[in-house]
Amino acid sequence: MIRKSVLLAALVTLAPAALLAADPAAPAGGPRGEGQWFNRLDTNHDGVITKDEATAASDARTAKMFDKLDANHDGMVTQDEVRAAGEARREEMKAEAVARFKAADKNGDGLLSKEEAAAMPMVARNFDALDTNKDGQVSPEELAASRHHFGAGRSWKGHGSDPTQR
C-alpha cells in the first residue's frame, strides 16, 4: 500500500511540471514562447494563470494519466501497470520507427540510401557513421548496431536500438 501511495504521490507531484512544460506542438506565442498551453490554462481568459487554474489543469491531467495507467480500472495504479504502460509505449514507438523506415525506403529494398535517409534527419546526419560496411546504404542491422551511439538498450522492432527516435 505504501508503494501505491508513493507512486500516486509521484504522479501528482510530476503532473504540474509536465503540464507547465511548453507544448512542443504549440507555436511560440510571445516573448517567452508561451504558445497555446497558456491559453489552455488561463480558463477565464484574463491574461494570467492563477494557482487555482494551474491546479485544476494539473488535476485533470493527473486524472487522465491515472486513468490511462489504471489498466484494470480498480482505482489503483500498481508498478506492474506502470511497467506495462511503458512497454506498450515502447512497442508503439518501435512500430512508428519501422513505419518511418519503410516510408523512407522508397525503392522497397529494405535499405536506406543517402537520398532516402534524408526523410529521417537523425539517420541522414549520421549516415556515414551508421553505414559501417561502407556500401552506401544503411540497413536495420546497422541501425541496431549503432545503439551505443544513439541510446543504450532501446530496442527497435527486434533490431536493437532505434536512432530514428532521437
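The numbers here are math on the coordinates, done by the rules we state, and not lab data. Treat the numbers as computed from the prediction; the structure is a model and nothing was measured. Ideal geometry is used to build each Cβ from the backbone, glycine not excepted, and the neighbour counts take in all protein chains shown.
Summary table below
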| quantity | calculated |
| --- | --- |
| Residues of segment 33-59 that turn out to be in contact with a helix residue (DSSP H, G or I) (Cβ under 9 Å, 6 or more places away or on another chain), of a type outside the set (D, E) and in a helix (DSSP H, G or I), as a count | 8 |
| Answer residue from segment 86-104, given it is over 13 Å from the mean Cα position of the chain (by Cα) and free of Cβ contacts under 8 Å to residues at least 24 places away in the same chain and is nearest to E116 (Cα to Cα) among those | A104 |
| Members of segment 42-76 found to be touching a Leu at 6+ places or on another chain (Cβ under 7 Å) and farther than 29 Å from E87 by Cα, listed by number | I49, E53, A54 |
